[in-house]
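I have placed the structure first, in the form of structure tokens, so that the comments after it can refer back to it.
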Amino acid sequence: MAKVEDLIARIRSHGSNVMIDSGKLKLVNARKLPEGAMEFIRRNGKAIAECLDQEAAFEERAAIIEFDGGAPREWAEKFATFCIQHRPDGVDDMDWSWFISQCGKIIDEAPERRAA
């Protein structure tokens, strides 16, 4: 089966969209989807909703890092990816926490370095 992110991209490529509204999946321009798509979306609604939640968490985190932290968008997106994912296998909680903290520190201090 294709990744859920790819399926959402396919929905959007047809000029349609899927989003969460009041805790439920909502389709915009569903008539533009090919036959059978609606049933597939219904069967995979939970996975689609989880992916959309993750997408929203990523966008929110990246925006905070970019606007509140003053980081370039590219940095904000890369750091947001680390912030919302689980630690990799083989890395203990303390090491992962240290890594995330150090990344945040670098981003926080970067504007100060540019100004100096």
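Bear in mind these aren't lab numbers, they're just calculated from the coordinates by the rules spelled out. Small disclaimer: the values here were computed from a predicted structure and weren't measured. Counting neighbours? That spans all protein chains shown, and the Cβs are built from the backbone with ideal geometry, glycine included.
Over the Cα atoms, compute the radius of gyration (one decimal) and Dmax (the largest Cα-Cα distance, rounded to a whole number) for the chain, in Å.
18.3, 59
Grab the chain and count how many Lys pairs have their alpha-carbon atoms under 19 Å apart, sequence gap of 8 or more, or different chains. Mind showing how you got there, number by number?
Working: Lys3/Lys46; Lys24/Lys46; Lys26/Lys46; Lys78/Lys105.
Value for the chain: 4.
Simple spin-label model, 7 Å along Cα-to-Cβ: Glu50 to Val28 in nm?
Spacing of the two 7 Å Cα→Cβ label points: 2.5 nm.
So, in nm, how far is label Arg42 from label Ala63 when the simple model puts each one 7 Å beyond its Cα toward the Cβ?
According to this spin-label approximation, the distance is 3.3 nm.
Could you derive backbone 3J(HN,Hα) for region 61-75 from the dihedral phi with the Karplus parameters 6.51, -1.76 and 1.60 (θ = phi - 60°), listing whole Hz in sequence and x where the residue is Gly or Pro?
Result, ordered by residue: 4, 4, 5, 4, 5, 5, 7, 6, x, x, 8, x, 4, 4, 5 Hz.
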